[in-house]
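Report on the structure given below.
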Amino acid sequence: MKTNFIIIVVMLFFTNNIYAKGHGTNFPSGEVNKELRYESAILGYDVHYSIYLPPDYAVSGKRYPVLYLLHGFTGDNKSWVKQGEINKIMDDGIARGEIEPMIIVIPDGKYYWYIDDYQNKVRYEDFIFGEFLPFIDMTYRTIADKSHRAVAGLSMGGYGSLVWAMHHPDKFSYCIALSASMFDDNGMAQMPDQLYKYMSLLYGAPDAKGRDRVTEHFINNSPIDMARTNPAESLRSVKWFIDCGKQDQLSDVNRELNNIFTERNIDHIYHSRDGRHDWTFWHEGISQGLKYLTQWFGDK
């Protein structure tokens, strides 16, 4: 798999501000709040988050499934609302009976790739599972169990969704990974120095070359490595939807993940369709992913 300057652009500096097309405004609207924050003792700062509550949340008294939705490298907790228009997708899908009413939580992951760094200076994953998930379940009317909890994301968030579901299969039953930004071992070994200088802040070995860059921390947080080595039963306890555009520079590594799942008989859905690393592709991907998620919730 080639790792070149184009991947640097895609993963770190490429920001596409194409707004997704809305589905209209004639449906009952869910409640969206983009200005929330959680004071984290683990991280030592306030983590901003957005939330979507279904149209009948205020009056129904019901509990709902919950989806944790992760943004990409240049985004924040508002991106999935402002650019992805996730609230309009949900309102439309709920009104049409195509999407299950659910709570959607969008935390600000900054540029930490949703994991703990190798020095434990920034323990983002510890924050999510030690503080944030319990807080969400206590604060909102979620159905607080694995069978009704999902994670999804795009690009950096696609990577984060895979890592969370592989690290915590007891917490999630469903994972939707769109254009997931990830490397295999060869990708790390061959990575341009400019990009590796940044990635080494997460994984360690800042001065390493070649295969020495493949640190234990990288392996423990690599969806490709975990897909090969995690117990099959653990992987099978999650339903997977992987979607990446054929014109995306990340298509090879997403295909590699698909191939590993196929070789290990891990049931999953893999879409390779025309598209690039942009909001037009992600808008279509999350719409389809939410329909699969609705079917999966219905199986429980």
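Nothing in this text is a laboratory measurement; each read-out follows from the coordinates by a stated rule. Here the structure is a predicted model, which is why all the values come from computation and not from measurement. Reconstructed Cβ throughout: ideal geometry from the backbone, glycine too, with neighbour counts over all protein chains shown.
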Among the Cα-Cα pairs of region 5-299, the proportion with separation greater than 22 Å, in percent, is 56
Largest fluctuation, GLY109, GLY75, GLY160 only, Gaussian network model of the chain with Cα springs under 10 angstrom, belongs to GLY75
Ranked by GNM mean-square fluctuation in the chain (Cα springs under 10 Å), the top entry among THR229, THR74, THR280 is THR229
Here the Cα Rg-to-2.2 N^0.38 Å ratio for region 63-165 is 1.09
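Would you work out the charge dipole size for the chain about its Cα centre, treating the Cβ of every Lys and Arg as +1 and the Cβ of every Asp and Glu as -1, and quote it to the nearest 20 debye?
Working: 31 positive and 38 negative charges, 69 e Å.
Using Cβ point charges on Lys, Arg, Asp and Glu, the chain gives about 320 debye.
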Listed residues ASP212, ASP145, ASP267; largest mean-square fluctuation, Gaussian network over the chain with Cα springs below 10 Å, found at ASP212
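Grab the DSSP H runs of the chain that are 4 residues or longer, score each as -39,500 (n - 2.57), total them, divide by all residues and round the 222 nm result to the nearest 500 deg cm²/dmol.
On the way: 14 runs with 113 residues, N = 300.
Computed mean residue ellipticity for the chain: -10000 deg cm²/dmol.
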Interchain or sequence-distant (5+) residues whose placed amide H lies within less than 5 Å of the amide H of LEU36 are TYR49
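On alpha-carbon atoms, Rg over Rh for region 191-230 using Kirkwood Rh?
On the way: Rg = 10.4 Å, Rh = 10.5 Å.
Answer for region 191-230: 0.99.
In region 202-236, what trypsin sites (Lys or Arg not before Pro) fall in a loop by DSSP, with at most 16 other Cβ atoms inside 10 Å? Could the numbers behind the result be given before it?
Working: sites: LYS209, ARG211, ARG213, ARG228, ARG236; in loops: LYS209.
Passing sites in region 202-236 are LYS209.
Starting from region 98-133, pick out the trypsin sites (Lys or Arg not before Pro) whose DSSP state is loop and whose Cβ has at most 13 other Cβ atoms within 10 Å.
Working: sites: LYS110, LYS121, ARG123; in loops: LYS110, LYS121.
Qualifying residues, ordered by number: LYS121.
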Given Cβ charges of +1 for Lys and Arg and -1 for Asp and Glu, the option among TRP279, MET191, VAL47 whose Cα lies farthest towards the positive end of the dipole of the chain is TRP279
Note: region 230-300, point scatterers on Cα, Debye, no solvent; log10 I/I(0) at q = 0.12 Å⁻¹ equals -0.36
XL table LYS110/LYS146; LYS171/LYS239; LYS146/LYS246; LYS88/LYS291; Cα-Cα > 24 Å flagged, in table order, is LYS110/LYS146; LYS146/LYS246
Counting Lys and Arg as +1 and Asp and Glu as -1 over every other residue whose Cβ sits under 15 Å from the Cβ of SER29, the net charge comes to -2
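Antiparallel versus total DSSP beta bridges in region 5-299: what percent is that, nearest 5?
Working: 12 of 37 bridges.
In region 5-299, DSSP labels about 30 percent of beta bridges as antiparallel.
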